[in-house]
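Visitor: Sharing a structure, written as structure tokens. Questions coming.
The values are calculated or read from the model by the stated rules, or taken from the named source; none is laboratory data. Keep in mind that what you see is a predicted model, and the values were worked out from it rather than measured. Virtual Cβ from ideal backbone geometry, glycine too; neighbours counted across all protein chains shown. For the accessible areas, the whole protein counts, side chains as well, though only heavy atoms, and no ligand, DNA or RNA atoms are used. Shrake-Rupley method; radii C 1.70, N 1.55, O 1.52, S 1.80 Å.
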Amino acid sequence: GSLITPFACGNTKIYFRAGALGRLDTARVEVYSVNAIVLQRWARKFTANSRYAALKKATIFLQASLHRNLARNSYMKKRKAALTIACFARVMISKSKLVKLRANKAVIILQNRWRARESKMLLEKFQNAARVIQRNTRAVKNKTVTSSVLSEWVEAARRDEKLKALLLKIAKAKREKSSYDPWALLDECEEMLIYLGEEVYKFRSKNSDLKIEVAEQKNVINKIETSRSSSEAARSATNINSTHLAKKNQVLTEKLNDSNANIACLKNIIRVLRKSHADWKSKEELKCRLETESIMEDVRTQKKALELAQIAHKKELIAMENEMDLARNRYRAEVLKLQDELKRMQESHDEDMAVMLDAINSSSPC
């Protein structure tokens, strides 16, 4: 049972049996063909993977472009909306500040008017109180003066009657030189002189009192004039302040009109911007929709091409697997056949070697 090989190895050469080299060449060609099929399979696989990777990269790039365009459009819309809201908020804040300033100016004007009215009312109140006090003082004074003057008038009337009676007596005594006592007449005349002296003194005291009252009235008049001048100055100051406030009110009214005009202009600008934004938005939405549709159409076409490529690749893989199975079966059959031939060749080689050994043994001398 030793294995007989179809070749023999020497020192420098290899010797083959007849037909062994052709079989080996045939087996080598078959192995080359099988390896070439394997190489072709791997080359097709690499080509398909490269094409799939390129299609995947292109699809990812298209998706990224679509997402970028959508995100940019969304960002631009939000930015425009934020700018519009910020502009409207600034307009509202400016309007509220203007209303507050206007209210503060109106409050200042009202406060000034109220303070002037308060001062005027206080002055009128003091004047009325002074009039009431003067009236009551004069009434009380007139009452006391009237009572004292009435008693003085009665006394003066009585004295006047006595003076008249005395004058009549004197005149009668002059006519009738012996009817009246001269000493009695002298007494009555002395009494009348005393009375007249008292009356002169009273008139002098009254005159001094009247002078004092006149001085007091002059002081009161001076005070009233001073208060009137101060009230006139306050009134003139109030008038000046009112004119100044009227000018300020006019300036504020002009500013308010300008602000209203600016607000109206801003409203028109906002209206125009909203209209232009709406037009731009509709155009951008239409453009984005068209771009999205075109990109989606390209993506669908690429997907269809990729699906077709995958289907073709699967078919190629199935065909290659079938070819590999056929080649593997054919190779196995060839290998089995070669193994059988190799066994036969080994058997024939063993037989030939045995014959050669027998021949050598028989030819050699004993």
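Visitor: Do we find a residue being within 30 Å of ALA86 (Cα to Cα), of a type in the set (Val, Ile, Thr) and at pLDDT 80 or above anywhere in the stretch 308-328?
Guide: The answer is no; no qualifying residue exists.
Per-residue answers, yes or no, for (1) open to solvent by 90 Å² or more (accessible area, probe 1.4 Å); (2) touching a strand residue (DSSP E or B) at 6+ places or on another chain (Cβ under 7 Å); (3) aliphatic (A, V, I, L, M):
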{"residue": "ALA8", "(1), (2), (3)": "no, yes, yes"}
{"residue": "THR12", "(1), (2), (3)": "yes, no, no"}
{"residue": "ALA20", "(1), (2), (3)": "no, yes, yes"}
{"residue": "ILE37", "(1), (2), (3)": "no, no, yes"}
{"residue": "GLN40", "(1), (2), (3)": "yes, no, no"}
{"residue": "ALA43", "(1), (2), (3)": "no, no, yes"}
{"residue": "TYR52", "(1), (2), (3)": "yes, no, no"}
{"residue": "LEU55", "(1), (2), (3)": "no, no, yes"}
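Visitor: Would you mind stating whether ALA278 is on the phi < 0 side of the Ramachandran plot, under 40 Å from the mean Cα position of the chain (by Cα), open to solvent by less than 60 Å² (accessible area, probe 1.4 Å) and free of Cβ contacts under 8 Å to residues at least 24 places away in the same chain?
Guide: yes
Visitor: Check ILE269, ILE311 and return the single one that is part of a helix (DSSP H, G or I), free of Cβ contacts under 8 Å to residues at least 12 places away in the same chain and in contact with a Cys (Cβ under 9 Å, 6 or more places away or on another chain).
Guide: Going through ILE269, ILE311 in turn, the sole match is ILE269.
Visitor: Which one of these is open to solvent by 90 Å² or more (accessible area, probe 1.4 Å) and of a type in the set (Asp, Glu): GLU216, GLU199?
Guide: GLU216
Visitor: Checking the conditions here, which among ARG117, ARG68, ARG79, ARG72 is surrounded by 10 or more Cβ atoms within 10 Å (Cβ to Cβ) and over 30 Å from LEU286 (Cα atoms)?
Guide: The match here is ARG117.
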